[in-house]
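These notes are about the structure you will find just below.
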Amino acid sequence: MSISGSETQVSYLDYQGKHKGIWSWLLSTDHKRIGLLYLYAIIVFFFVAAILGLLMRIELIAPGRTIMEPQTYNGLFTIHGIIMIFVIVIPGLAAVFGNFFLPILIGARDVAFPKLNLFSWYLYMIGAILGVLSQFIGGGAPDTGWTFYVPYSVESSTNVIYALTAAFILGFSSILTGLNFIVTIHRMRAPGMGWMRMPLFPWALYATAWIQVLATPIVGITLLMVIAERVLNIGFFDPALGGDPVLFQHLFWIYSHPAVYIMILPAMGIVTEIFPTFSQKPVFGYGAIVLSSLAIAFVGYFVWGHHMFTSGMSYNARWFFSFLTFIVAVPSAIKVFNWISTMYGGSIDLKPPLLYAISFIFLFMIGGFTGLVLGSLATNVHTHDTAFVVAHFHYIIFGGMGFAFFAAIHYWAPKMFGRMYNFRVANIAWVLNFTGFNLLYFPLFIVGLQGMPRRSYDYLPQFQSGHVLSTVGAFILIAGLLLMVYNLVRGARKGEVAPANPWKGVTLEWKIPSPPPHENFDDIPVITSKPYLFGNNSDNK
Amino acid sequence: MSVHNTHAEHIDSETGKLGMWIFLFTELFLFGGLFLVYAVFRAKYSAEFHIAAGELNAFIGTMNTVFLLVSSMTVAMSLTAIQKGDRKLALFLVLVTILLAALFMVNKYFEWSHKFEYGIYPGSEVLKNMSHGELLFFGLYYMMTGLHALHVLVGMVLLSINVVKIKSGSVNSNHYLMLENSALYWHLVDLIWIFLFPLLYLIT
Amino acid sequence: MKHEDKHISSYASLAIVLAVLLFLTAFSVWITGFHFGAFTVAVALIIACVKVATVLINFMHLKFENLFLKLLVTGVFVMFALVVVLTFVDYYFR
């Protein structure tokens, strides 16, 4: 049912083109529908992986066997990681919000290659389903961890090849999306939108897309090499044949470290859109945000060794990677200053998007600071492969990208679905999410420092109190997540009709109806000024 | 400088070309991983790599290099032909390119089967009895030339599609993005081989 | 669909490029017949780089493309080289 439309177009939700019914979705090349296809898939896979995580937390509430065997636990942490990393966090923000909003934010009708865009989604679904299938067929759920370290990934009798293939296909999907976005941003900006007039979420997507395009192929070939080891005994990573297992780690992390910037850059881009809107004030330091995004993307290629400090690398490699790890933290810190300065002196409206964006800063900073603990050589020896690492990356990835995702959906759901959600319920869900999150992960820093290893089914009794707190936190968090999703879904279906601009934003998506019409704009806008001008006193600063 | 296609049948040519260049970058990094492995093991086992490379037939390798270089020229010329509206010549040149690719593959088939006859293939007993460096050299040889051959096949398919489209007229002097992009892809296949050739065949 | 003032390479120029490439190939086969040790490999690789550049600039038309694309292609090769160098900071100093 159409909520609102332009003078000449129906909403993208109602549009019926060549195909009818379900096929008008499954064969749609409309970037907005593709964004929703990704959203629905991600919600499903996220809860699958979250439940797997919850099962792990239930197992860990006490030492020894609680509800499962060790082999099951190993399979759980492997698939939890594979789904969360390759299916949720790496694609997530770009595939959902990038697809939906990039063309709109730059004043275009679609991406550069719409059919390729749909193809990316199909690759994504095939890879994700193959990953889940690997749990159930033949040799059993892979138990190597999502990092597939040799020699175990070569020796394990489980379905490693299915998981490797799934990751390969998902990587290809990521590459094609990145390619699409780079060309879109280069070629399809509205007349008058020079590079420095482009909003900051597209800039973030641009930096991210270059990483997707240049780093992912390396993990692609590396996964193929592991398959070659398993099937052909090719020897690259096998010391008995002259190979080097550490070479696998190099190749793996040459991608997987830049991959974390694929995860976080769009997240930073999204909160950079939210802060000005809910402060009614331009972004502080537009140029600094652009440069820091590009700097993070570039420097992020050269820090991968910090995952390998205890692997036997040369001393020179170790100090160099540690040094660069400290350098790459600087542009992120610059952004934090910019976000806070954007809010300072602004007219703050603490709606759910801003609540999530502010908590993003808090959680991301904890993750970031603990990253420095890990990045410094001496402390790394103590913390490597402990629960401290687990806490660190969950703060950065879940607290960072995850909370940014929640911020984004609360920010843009009225635009996407044309309906508002309930703010009170959203805030209650936030309380549960924030409390549950910190209760779940903060104790892991402590037990990790005390010596609790990661990926370990069993542990010494002195770590139990930390684990009990953590498991309680997990339940609170799941409750918060369920409440949040319920509220958003109910809002999308039955909420109050949303106006075109519920938050008084000034970027292009707020100038078109909610939900957007099929071709986004009646007439392509002509851009005559820089972005984030609010028509108030703050514009002159 | 921007373009706006609503639901245009044809993608703007500069847009399409930029897309293909970026795709080529991903291919460079894909092979790049293998080149990195090569570099590491060559540095570690230089003498053994030297010996193993002697097992390869440099003449066939050189022939294959010549085939690909010529085919790069013919596909580049086919682009000139289509731009000038010379359909027949363009068609002929694309077909020659495909033929040269096929000759490359035939050579590769003979090379590989000759090696198999001698028991030189990943996981074989013969290889296990060789030194580590030689074993790794052949592992790299098979994986690199194998991946490359796969790309030659894909290139042949793309070029064949162009044959059909040039015949039907959908690739013509005004719309030749498909041929231009397929030519770029084909040149990449050539580029990879230009690096593979000395690294595998000429380090004797 | 526009093709902005496209530069059309002449058949003769393309043939000349091929001749150069074939010459460089022959030269690299010849020179690696000699034993200069590590130097031999370096020479072969340098010649390969020249061939690659020739194909990029001429056959792939990079000479006639915009500056951004030229910088991009260069940048991609530089990035890859840096990754290799950084990996060797481990291997060389072990």
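The values are calculated or read from the model by the stated rules, or taken from the named source; none is laboratory data. Note that the structure is a prediction, hence the values are computed from the model and not measured. Heads up, the Cβs are rebuilt from the backbone with ideal geometry, glycines too, and the neighbour counts pull from every protein chain shown.
Conditions (1) surrounded by 18 or more Cβ atoms within 10 Å (Cβ to Cβ); (2) over 28 Å from the mean Cα position of the chain (by Cα); (3) closer than 21 Å to A:F100 by Cα, marked per residue:
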| site | (1), (2), (3) |
| --- | --- |
| A:V497 | no, yes, yes |
| A:P515 | yes, no, yes |
| A:N520 | yes, no, yes |
| A:T528 | no, yes, no |
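Does at least one position in the stretch C:46-57 carry a residue that is under 20 Å from B:A81 (Cβ atoms) and surrounded by 15 or more Cβ atoms within 10 Å (Cβ to Cβ)?
Applying the first criterion (under 20 Å from B:A81 (Cβ atoms)) to the stretch C:46-57 yields C:55.
Add one more test, that the residue is surrounded by 15 or more Cβ atoms within 10 Å (Cβ to Cβ), and what stays is C:55.
Scanning the stretch C:46-57 turns up at least one residue that is under 20 Å from B:A81 (Cβ atoms) and surrounded by 15 or more Cβ atoms within 10 Å (Cβ to Cβ).
Among what's in the stretch A:188-202 and is surrounded by 24 or more Cβ atoms within 10 Å (Cβ to Cβ) and hydrophobic (A, V, I, L, M, F, W, C), pick the residue that is nearest to the chain's Cα centre (by Cα).
Ranking the qualifying residues of the stretch A:188-202, first place goes to A:F201.
Okay, residues lined up against (1) in a helix (DSSP H, G or I); (2) touching a His at 6+ places or on another chain (Cβ under 8 Å); (3) of a type in the set (F, W, Y):
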residue	(1), (2), (3)
A:L432	yes, no, no
A:T435	yes, no, no
A:L439	yes, no, no
A:L449	yes, yes, no
A:D458	no, no, no
A:F463	yes, no, yes
A:G466	yes, no, no
A:V472	yes, no, no
A:A479	yes, no, no
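Working only within the stretch B:10-50, note down all residues that are surrounded by fewer than 20 Cβ atoms within 10 Å (Cβ to Cβ), of a type in the set (G, A, S) and facing another protein chain (nearest Cβ under 7 Å).
Hits for the stretch B:10-50 are B:A39, B:A43.
Does A:V160 satisfy the condition of being within 14 Å of chain B (Cβ to nearest Cβ) and within 23 Å of A:I79 (Cβ to Cβ)? Reasoning before the result, please.
Numbers: within 14 Å of chain B (Cβ to nearest Cβ): no; within 23 Å of A:I79 (Cβ to Cβ): yes.
Answer is no for this residue.
Failed condition for B:L103, given (1) in contact with a Leu (Cβ under 8 Å, 6 or more places away or on another chain); (2) within 30 Å of B:I51 (Cα to Cα); (3) touching a residue at least 12 places away in the same chain (Cβ under 8 Å), with all others met?
Against the list (1) in contact with a Leu (Cβ under 8 Å, 6 or more places away or on another chain); (2) within 30 Å of B:I51 (Cα to Cα); (3) touching a residue at least 12 places away in the same chain (Cβ under 8 Å), B:L103 comes up short only on (1).
Can you list the helices (runs of 4 or more DSSP H) lying wholly within the stretch B:3-90 that have 3 or more residues being closer than 25 Å to C:H61 by Cβ? Before the answer, list the steps.
Values: elements: B:13-44, B:46-53, B:58-83.
The qualifying helices (runs of 4 or more DSSP H) are B:13-44, B:58-83.
If we scan the stretch B:170-186, do we find a residue that is at negative phi and within 13 Å of chain A (Cβ to nearest Cβ)? Working first, answer last.
Going through the stretch B:170-186, the residues at negative phi turn out to be B:170-186.
Then drop every residue that is not within 13 Å of chain A (Cβ to nearest Cβ), which leaves B:177, B:181.
Yes, because at least one residue in the stretch B:170-186 is at negative phi and within 13 Å of chain A (Cβ to nearest Cβ).
For residues in the stretch A:112-144 being within 17 Å of A:F172 (Cβ to Cβ) and touching a Ser or Thr at 6+ places or on another chain (Cβ under 7 Å), which is farthest from the other protein chains (Cβ to nearest Cβ)?
Only one residue fits best here, namely A:L130.
Within the stretch A:143-165, track down each residue that is of a type outside the set (S, T, Y) and within 23 Å of A:I90 (Cβ to Cβ). Full working, then the answer.
Initial filter on the stretch A:143-165 (of a type outside the set (S, T, Y)): A:143, A:145-146, A:148, A:150-151, A:154-155, A:159-161, A:163-164.
The answer is A:D143, A:G145, A:W146, A:F148, A:V150, A:N159, A:V160, A:I161, A:A163, A:L164.
Here are the criteria: (1) assigned to a helix (DSSP H, G or I); (2) surrounded by fewer than 20 Cβ atoms within 10 Å (Cβ to Cβ). Tell me which single one A:S347 does not satisfy.
Here A:S347 clears every test but (1).
With buried (at least 17 other Cβ atoms within 10 Å of the Cβ) and aromatic (F, W, Y) as the only criterion, which of C:F80, C:F93, C:F64 stands out?
Values: C:F93 fails: buried (at least 17 other Cβ atoms within 10 Å of the Cβ); C:F64 fails: buried (at least 17 other Cβ atoms within 10 Å of the Cβ).
Being buried (at least 17 other Cβ atoms within 10 Å of the Cβ) and aromatic (F, W, Y) holds for just one of C:F80, C:F93, C:F64, which is C:F80.
Looking for something within 14 Å of chain C (Cβ to nearest Cβ) and either buried (at least 22 other Cβ atoms within 10 Å of the Cβ) or at pLDDT below 95 (or both) - is there at least one such residue anywhere in the stretch A:282-296? Step through it out loud before you land on a result.
Kept after step one, since they are within 14 Å of chain C (Cβ to nearest Cβ), are these residues of the stretch A:282-296: A:294.
Now restrict to residues that are either buried (at least 22 other Cβ atoms within 10 Å of the Cβ) or at pLDDT below 95 (or both): none.
Taking every residue of the stretch A:282-296 in turn, none turns out to be within 14 Å of chain C (Cβ to nearest Cβ) and either buried (at least 22 other Cβ atoms within 10 Å of the Cβ) or at pLDDT below 95 (or both).
Is it true that some residue in the stretch B:183-193 is over 29 Å from C:I31 (Cα atoms), hydroxyl-bearing (S, T, Y) and in a helix (DSSP H, G or I)?
Of the stretch B:183-193, the ones over 29 Å from C:I31 (Cα atoms) are B:183-185.
Then keep just the ones that are hydroxyl-bearing (S, T, Y); that gives B:185.
Add one more test, that the residue is in a helix (DSSP H, G or I), and what stays is B:185.
Among the residues of the stretch B:183-193, at least one is over 29 Å from C:I31 (Cα atoms), hydroxyl-bearing (S, T, Y) and in a helix (DSSP H, G or I), which makes the answer yes.
B:V154 - would you say it is within 11 Å of the chain's Cα centre (by Cα), away from every other protein chain (no Cβ under 12 Å) and of a type in the set (V, I, T)?
Numbers: within 11 Å of the chain's Cα centre (by Cα): yes; away from every other protein chain (no Cβ under 12 Å): yes; of a type in the set (V, I, T): yes.
Yes: the conditions hold for B:V154.
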